[in-house]
Amino acid sequence: MEMGMEMRRERERERKRDLMGESHTNIPSQDISVDWRGRPSNPTSHGGMRAAAFVLGLQAFEIMAIAAVGNNLITYLINEMHFSLSKSANIVTNFVGTVFLLALLGGFLSDSYLGSFWTILIFGFVELSGFILLSVQAHVPQLKPPQCNMLLKSDECVEAKGVKALIFFVALYLVALGSGCVKPNMIAHGADQFSPQNSSQSKSLSKYFNAAYFAFSIGELIALTFLVWIQTHSGMDVGFGVSAAVMALGLIILVAGIFYYRNKPPQGPIFIPILQVFVAALLKRKQVCPSNSHMLHGTQTSSNDKVALSPDSANLIPTQKFRFLDKACIKSQDGATKESPWRLCTPSQVEQVKILVSVVPIFACTIVFNTILAQLQTFSVQQGSLMNTQLTKSFHIPPASLQSIPYIMLIFIVPLYDAFFVPFARKFTGHTSGISPLKRIGFGLFLSTFSMVSAAIMEKRRRDSAVNLNKTISIFWITPQFLIFGLSEMFTAVGLIEFFYKQSVKGMQAFLTAMTYCSYSFGFYLSSLLVSMVNKITSSSSNGGWLNDNNLNKDRLDLFYWLLAALSFLNFLNYLFWSTWFDEHPSLSQKLQHADNPHCGEDHRIHNFNLSKKNVDDYVP
């Protein structure tokens, strides 16, 4: 019996060593994942599209819940809470910006401490509690200011203050905290279900990203139509309650798949290894890098020709990008036998930091893209309000519902893209996604320029008809700019998420996926900055500025759209430079894979930060 217990203990120790990456053999590290009990996952029963389908269900319902709140929030703020128009607009903008910025917190907590599943579950309930509290406040008269018509008696209406305002903002930012932390982890957890070691699952990863965007489009479409209709006709309390019910249903779907998930264990604090590289490189800034990067600490081979690196980094050898960071790998010549990890780093650590720095320009190129998105959610809706919205004798199209136009198109385009275009393109490129994520992003950025060109031409026509002919043109003239941008977003948004997930350092997928959401925040902030700058610069003209008046018939929105079109095209040229630079400076591990598969592109630069937790002196100097 004692022998049996000892054998079981030994097997448990071996299992723990496997989970921590402490294999004794010098072979490439395997993709580590566990089931819901913490045991190694089974490739035949865990992961794949079946497991990802549960995550897709949550994604559709989560975006449905929060989009219904966000798109009609300004109406509630003005009509029920009696905030002014400018204050209400700021509250909505701050709320949206906070959601996307908090995505970074969700990614950090997931990769460092909780893992994607538990981060989603914990903050999903935080978001649900916010929806419930919003619904309760909207339903109970004592928690709101006295009813008052803000359009007729705005001076007499009492603005929500004190406890009433506190309850509202607590509820609103519970939603922001929950949604912000859930969003990047839904994408990362769904993608984690596809193992790189399983060829069939690996090929399905691109299909998953397209399916995720399809689920997003379905959720947005239902929110912008059915749920907004419920809010308008049944009251905001019922609308918020429906959002809570929808979110609860999504969490039930997530938990229902718990037995099928592959879960990536958290890696510990993810920023420490990054900081160690910069600190070590700074401390050794006066050192001279060897001309041959293979001479750096930790890159040599032992006498029996076996690679002397950890199995986690056997395929990582220093590249020529950002050579100043290689100084962190130079071992001191003062005879010291042991150096702190803050003074001596491994080549794997340095290469991982190089990858992180390399993707920043790609991320920055999508900010202007999201600035264009901000126009479609603000000025384009105002355009629609000045056009003929009549569809039939008794039905008028709400201008806010214009945002649903691209999603109506995308629920048909996305499946067709995945079913026909990807297999067709794969025959020529050999790429599992049909075209690489970088090319997909570039095509989307190029298309976004034409969205603004279409918007500028249409606005000129609308303004001339209204001012010169006293004629109101049909709202259908505005649809091309929405359709073009919807197609552009399908390429750019999905390509960006796929790019970051595949390029990211292993163990930081959720955090770097969260960075894609930050692009939305920066895009909206840049939009506000551009509007202020344009007004200030053009205010000296006789018209008093392009966007100075509340009346679009007096403003020159068409010129502002032309400016955005020019910025978008310049941004596309900037992207071409950085994407070309990125492809021309691959890591050596990518080059080796490219030799085996010339179409692998940038899909394989995935490395592990766990290595940095090992003592750097375990390597051959």
Practice task
For G162, state whether it is under 24 Å from L101 (Cα atoms) and either surrounded by 15 or more Cβ atoms within 10 Å (Cβ to Cβ) or over 15 Å from the mean Cα position of the chain (by Cα) (or both).
Solution key: no
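Name the single residue, out of those in segment 502-542 being over 10 Å from the mean Cα position of the chain (by Cα) and within 24 Å of S433 (Cα to Cα), that is modelled with the lowest pLDDT.
Of the residues in segment 502-542, the ones over 10 Å from the mean Cα position of the chain (by Cα) are 502-509, 521-542.
Next, from what is left, pick out any that are within 24 Å of S433 (Cα to Cα): 502-509.
On the way: K502: 78, Q503: 67, S504: 54, V505: 65, K506: 63, G507: 72, M508: 79, Q509: 81.
Restricting to residues being over 10 Å from the mean Cα position of the chain (by Cα) and within 24 Å of S433 (Cα to Cα), the top hit is S504.
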Exercise for the section: Go through (1) of a type outside the set (D, E, K, R); (2) closer than 17 Å to G124 by Cβ; (3) open to solvent by 10 Å² or more (accessible area, probe 1.4 Å); (4) modelled with pLDDT under 90 and name the single condition L105 misses. Expected result: (4)
Exercise for the section: Restricting attention to segment 196-207, report how many residues are open to solvent by 10 Å² or more (accessible area, probe 1.4 Å) and modelled with pLDDT of 80 or more. Expected result: 3
Problem - Which listed residue is at pLDDT 90 or above, within 24 Å of the chain's Cα centre (by Cα) and open to solvent by 70 Å² or more (accessible area, probe 1.4 Å), from F412, F443 - result: F443
Problem - Count of residues meeting criterion [surrounded by 19 or more Cβ atoms within 10 Å (Cβ to Cβ) and either over 26 Å from V140 (Cα atoms) or polar (S, T, N, Q) (or both)] in segment 228-268 - result: 13
Completion exercise
When (1) open to solvent by less than 70 Å² (accessible area, probe 1.4 Å); (2) at pLDDT 85 or above; (3) over 28 Å from T75 (Cα atoms) are applied to F428, the one that fails is (1)
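Would it be correct to say that A281 is within 22 Å of F123 (Cβ to Cβ) and either over 22 Å from the mean Cα position of the chain (by Cα) or not in a loop (DSSP other than H, G, I, E, B) (or both)? Full working, then the answer.
Details: within 22 Å of F123 (Cβ to Cβ): no; either over 22 Å from the mean Cα position of the chain (by Cα) or not in a loop (DSSP other than H, G, I, E, B) (or both): yes.
Answer is no for this residue.
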Completion exercise
Here the residues within segment 93-113 that are in contact with a helix residue (DSSP H, G or I) (Cβ under 6 Å, 6 or more places away or on another chain) and either without any contact (Cβ under 8 Å) to a residue 24 or more places away in the chain or not in a helix (DSSP H, G or I) (or both) are L102
Problem - Criterion: modelled with pLDDT of 85 or more, small (G, A, S) and under 16 Å from the mean Cα position of the chain (by Cα) - qualifying residue of A244, A211 - result: A211
Fill in the blank from the handout: Exactly one of L483, L512, L530, L526 is in contact (Cβ under 8 Å) with a residue 12 or more places away in the chain, crowded, with 21+ Cβ neighbours inside 10 Å and part of a helix (DSSP H, G or I), and that one is L512
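Per-residue answers, yes or no, for (1) touching a Cys at 6+ places or on another chain (Cβ under 6 Å); (2) closer than 30 Å to L109 by Cβ; (3) of a type in the set (A, V, I, L, M, F, W, C):
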site	(1), (2), (3)
V453	no, no, yes
R461	no, no, no
S465	no, no, no
I473	no, no, yes
L483	no, no, yes
E489	no, yes, no
V494	no, yes, yes
K502	no, yes, no
Practice task
Give me the pairs, please: first residue somewhere in segment 175-191 and within 15 Å of L128 (Cβ to Cβ) and open to solvent by 10 Å² or more (accessible area, probe 1.4 Å), second residue anywhere and in a helix (DSSP H, G or I) and at pLDDT 95 or above, beta-carbon distance under 7 Å, and either six or more positions apart or on two chains.
Solution key: L177/F123; L177/V126
Handout entry: Residues that are over 14 Å from G523 (Cβ atoms) and polar (S, T, N, Q), drawn from segment 359-398
Key = S380, Q382, Q383, S385, N388, T389, Q390, T392, S394
Problem - Failed item in (1) surrounded by fewer than 20 Cβ atoms within 10 Å (Cβ to Cβ); (2) touching a residue at least 60 places away in the same chain (Cβ under 8 Å), with S116 passing the rest - result: (1)
Exercise for the section: Determine whether I317 is modelled with pLDDT under 75 and crowded, with 18+ Cβ neighbours inside 10 Å. Expected result: yes
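Can you pull out every residue in segment 80-92 that is over 17 Å from L134 (Cα atoms) and either at pLDDT 75 or above or outside any helix (DSSP H, G or I) (or both)?
Here is the first cut: in segment 80-92, the residues over 17 Å from L134 (Cα atoms) are 84-87, 89-90.
Passing the criteria: S84, K87.
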Completion exercise
Only unsatisfied item for P311, checking (1) open to solvent by 30 Å² or more (accessible area, probe 1.4 Å); (2) closer than 29 Å to A52 by Cβ; (3) modelled with pLDDT under 85, is (1)
Completion exercise
Checking S433, S451 in turn, the sole residue that is outside any helix (DSSP H, G or I), among the small types (G, A, S), touching a residue at least 24 places away in the same chain (Cβ under 8 Å) and open to solvent by less than 30 Å² (accessible area, probe 1.4 Å) turns out to be S433
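Just give me the residues in segment 72-99 being of a type in the set (V, I, T) and open to solvent by less than 10 Å² (accessible area, probe 1.4 Å), in sequence order. Lay out the reasoning, then the answer.
In the first step, residues of segment 72-99 are kept if they are of a type in the set (V, I, T); the result is 74-75, 78, 91-93, 96, 98-99.
Matches in segment 72-99: V99 only.
Among the residues of segment 119-131, count how many are β-branched (V, I, T) and open to solvent by less than 10 Å² (accessible area, probe 1.4 Å).
Of the residues in segment 119-131, the ones β-branched (V, I, T) are 119-120, 122, 126.
Subsequent filtering for residues that are open to solvent by less than 10 Å² (accessible area, probe 1.4 Å) retains 119-120.
Residues flagged as β-branched (V, I, T) and open to solvent by less than 10 Å² (accessible area, probe 1.4 Å) within segment 119-131 amount to 2.
Would you please name the residue that is least open to solvent (accessible area, probe 1.4 Å), looking only at residues in segment 454-469 that are more than 25 Å from T371 (Cβ to Cβ) and assigned to a helix (DSSP H, G or I)?
The first filter runs over segment 454-469 and keeps only residues more than 25 Å from T371 (Cβ to Cβ), leaving 464-469.
Filter again for assigned to a helix (DSSP H, G or I), leaving 464-468.
Details: D464: 48, S465: 14, A466: 30, V467: 81, N468: 111 Å².
The residue in question is S465.
The values are calculated or read from the model by the stated rules, or taken from the named source; none is laboratory data. None of the values given here were measured: they were computed from a predicted structure. No Cβ is skipped: glycine too gets one built from the backbone with ideal geometry, and neighbour counts run over all protein chains shown. Calculation scope for accessible area: heavy atoms of the full protein, side chains included, ligands and nucleic acids excluded. Shrake-Rupley method; radii C 1.70, N 1.55, O 1.52, S 1.80 Å.
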